[in-house]
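Working notes, beginning with the structure itself.
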Amino acid sequence: MTESEILDIFRKHSALLEGHFILSSGLHSNRYVQCALVLQHPRVAEQLCRELAEKFRHVGAAVVAAPALGGVLVAHEVARALGARALFTERQEGVMVLRRGFSLAPAEATLVVEDVITTGLSTRETIQAIEQAGGKVVAAAALIDRSGGAVDLGMPMAALVSLQIQNYNPADCPLCQAGIPAVKPGSRTKK
Ligand SMILES: [Zn+2]
């Protein structure tokens, strides 16, 4: 699949919106990505994640791990494609950890995945949690890299699609200045 075919799938499921959005960070943006809207269709999730998995077959991951909640389905479907296990990390008192009795063999090769990479923060926290549990993270992946390739995790990383998305401080948002109403996606609140 090409990037534009993948983007068409996202648009078709309203998972990629163009307009004027208030992100959960408080910043404003001209584009909004909500992977849950494509991942709600298991066959589409399987297809996209298989495509992502193929980029990483050579790393020989025995485990695919993701931060909950957004990455869980991605880890599951990428692991299915690779014949690996799927684990997820969760925040406990603000710290990303492996819970639920999940464990790794010493230096077990792990691929860390996300639905969307924005700043790379939760990916970094997941890498740390896996390494603390004794695993060895060999690469990182996401369905969408909305940093446009700017995030450097110090290891091989790839996404199905890399998007350059503009973020603005509300005070100098050109979309606000143009008088376009801002929408908070995923909620009914409009501003
Ligand atoms: Zn704005």
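The values are calculated or read from the model by the stated rules, or taken from the named source; none is laboratory data. Since we're looking at a predicted model, the values are computed, not measured. Cβ atoms come from the backbone with ideal geometry, glycine included; neighbour counts cover every protein chain shown. Only protein heavy atoms, including side chains, enter the accessible area calculation; ligands, DNA and RNA are left aside. Shrake-Rupley method; radii C 1.70, N 1.55, O 1.52, S 1.80 Å.
Tabulated values for the structure
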quantity	calculated
Per-region count, segment 134-191, residues open to solvent by 50 Å² or more (accessible area, probe 1.4 Å), more than 16 Å from the ligand (Cβ to nearest atom), of a type in the set (A, V, I, L, M) and in a loop (DSSP other than H, G, I, E, B)	1
Close pairs from segment 135-162: first on the phi > 0 side of the Ramachandran plot, partner of a type in the set (Gly, Ala, Ser), Cβ under 7 Å, at least 6 apart	Gly148/Ser162; Gly149/Ser162
